[in-house]
Amino acid sequence: MGEIAVSLRGLLARSIDYAGMFPPCQLELEPSLKNQAQYLRTADAWMLSAFVLPVEQFVTEFDPLHPLQVSALGPKTENAAAFRAALAKTNAAIRSLSTHNVDLVSVSQLEMFLPPDIDSQLLNETRSILGTLPTFWEAPPDRAEQTIALVAELNSNADAPTFGYKLRTGGVTADAFPTTVQIAQSLVTPATHQVPIKFTAGLHHPLRMFRDEVKTKMHGFLNVLGAAVLAAEYKWDSRQAALMLEDENADSFSFTDEFFAWREWKIDIKRLQDRRKFVTSFGSCSFDEPREDLRALGFL
């Protein structure tokens, strides 16, 4: 294991929430779970985090020797009234799953879309419903700043920052991909550095690159996670963060046992681990592609 740089581990430890049931892979539940079970037994399991499972798909056949950590995905709703109803159902599903499968399954976090008409009062109510379950609220890039500010304000009144922000970084069509500037802006919002952030979709490859299957450039997970960490560490503006997000050159990234660096910007292992508490993970429908690409680049 010695040949993996400590800083690469620092940046990527438990960074991939496996979402095999979602496009473009769209596997059925059974094969997705089999994949997760196999991935947990590989040498690369240190990169793997939770299994993304829509709440209506909760099932009970798990192996007690390899309990499943679930990132529960709540339904997407259009407005506050529908959100309130969906949240009650989602919470009931999570509690029922947790009660019946204590040794087999643990729900480690919830991810759910926030409709535009949600205010701080309603979001505050969700805390009394969900308790201390870490929850990532998704909003599109044009609502990133206000959503992060709202979440930060609620976190400041709590004992621990249980609420985070979820940013969609792609999809199966070109129009699903936010621009580097849109991502950069959500990474440099001052409140971001105290609000856990997770990413979803489109981050299958370590570095930004043009991909034929989506007819656009896909964002790289080393670019996105790295920029999130360094933007917080160095208080970057969005122009500087966008430069890193746009970098397609593997030589700009260095991983050693003492530090991670992008060009002249360095962060040591201890600081990297501290920053990773707020830069949590990304959902990917493939656990193979990210690893194969890292090997091809000589990072793994």
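Here are a few things to note about the model shown:
The rows are residues; the columns are (1) at pLDDT 90 or above; (2) in a loop (DSSP other than H, G, I, E, B); (3) among the basic types (Lys, Arg); (4) open to solvent by less than 10 Å² (accessible area, probe 1.4 Å).
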position	(1), (2), (3), (4)
PRO64	no, yes, no, no
PRO75	yes, yes, no, no
GLU78	yes, yes, no, no
THR90	yes, no, no, yes
SER108	no, no, no, no
ASP117	yes, yes, no, no
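- With respect to the conditions (1) more than 28 Å from ASP175 (Cβ to Cβ); (2) among the hydroxyl-bearing types (Ser, Thr, Tyr); (3) open to solvent by less than 30 Å² (accessible area, probe 1.4 Å), THR256 falls short on a single one, namely (3).
- Qualifying residue in the range 26-40 (condition: among the aromatic types (Phe, Trp, Tyr), on the phi < 0 side of the Ramachandran plot and not in a loop (DSSP other than H, G, I, E, B)): yes
- The C-beta contact set for the range 128-141 (first residue over 21 Å from ARG168 (Cα atoms), second residue aliphatic (A, V, I, L, M) and surrounded by fewer than 19 Cβ atoms within 10 Å (Cβ to Cβ), distance under 8 angstrom, 6+ apart or interchain) comprises ILE129/ALA88; THR132/ALA160.
- The range 11-21, residues that are closer than 16 Å to PRO290 by Cα and buried (at least 20 other Cβ atoms within 10 Å of the Cβ): LEU11, LEU12, SER15, ILE16, ASP17, TYR18, ALA19, GLY20
- Within the range 219-252, being closer than 18 Å to LEU297 by Cβ and surrounded by fewer than 23 Cβ atoms within 10 Å (Cβ to Cβ) holds for GLU246, ASP247, GLU248, ASN249, ALA250, ASP251, SER252.
- Scanning the range 226-245 for residues that are among the aliphatic types (A, V, I, L, M) and out of contact with any strand residue (DSSP E or B) (no Cβ under 6 Å at 6 or more places or on another chain) gives ALA227, ALA231, ALA232, ALA241, ALA242, LEU243, LEU245.
The values are calculated or read from the model by the stated rules, or taken from the named source; none is laboratory data. Just so you know, these numbers come straight off a predicted model, no measurement behind them. Every residue, glycine as well, gets a Cβ built from its backbone with ideal geometry; the counts of neighbours run over all protein chains shown. Areas reflect the complete protein model, heavy atoms only, side chains present, ligands, DNA and RNA absent. Shrake-Rupley method; radii C 1.70, N 1.55, O 1.52, S 1.80 Å.
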